[in-house]
Amino acid sequence: MMYHVTADEPHLIAERLDAAEEQARARALVEGKHGILVTRHGSNSFTVSLSPDVPYGTTRECDLA
């Protein structure tokens, strides 16, 4: 499960990241195994996903830009 977030306006990026993280958190609660990884791919491109490399109950950020 991966959510792609893109936007040109900073407030839209924040809103969309919050929404994607909320959906990922709901899924993580059901599975109970993985944490959330938020990856920045560029100034207006992000992904939010569940990751086995992130401890359950944790959100980690990764900047690839």
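Here are a few things to note about the model shown:
- Cα lying deepest toward the dipole's positive end in the chain, options L12, T58, T47, charges on Cβ: T58
- Order of I36, I13 - criterion: other Cβ atoms within 10 Å of each residue's Cβ, fewest first: I13, I36
- The ranking of E9, E15 from fewest to most other beta carbons within 10 Å of each one's beta carbon is E9, E15.
- Listing T6, T47 from fewest to most neighbouring C-beta atoms within 10 Å gives T6, T47.
- Normalised contact order of the chain, rounded percent, pairs of Cα under 8 Å and 6 or more residues apart: 35
- Folded to 0 to 90 degrees: helix 10-31 orientation relative to the chain principal axis, Cα: 10
- Cβ-Cβ FRET estimate between M2 and R25, R0 fixed at 22 Å, reported to 0.05: 0.95
- Note on the chain: Cα Rg divided by 2.2 N^0.38 Å, N the number of residues, gives 1.06.
- Ellipticity estimate at 222 nm from DSSP helix runs (n ≥ 4, -39,500 (n - 2.57)) divided over the chain, nearest 500: -12000 deg cm²/dmol
Every number here is computed from the coordinates shown, using simple stated rules; none is lab data. Please read all numbers here as calculations on a predicted model, not as lab measurements. A quick note on method: Cβ atoms are made from the backbone with ideal geometry, for glycine too, and the neighbour counts reach across all protein chains shown.
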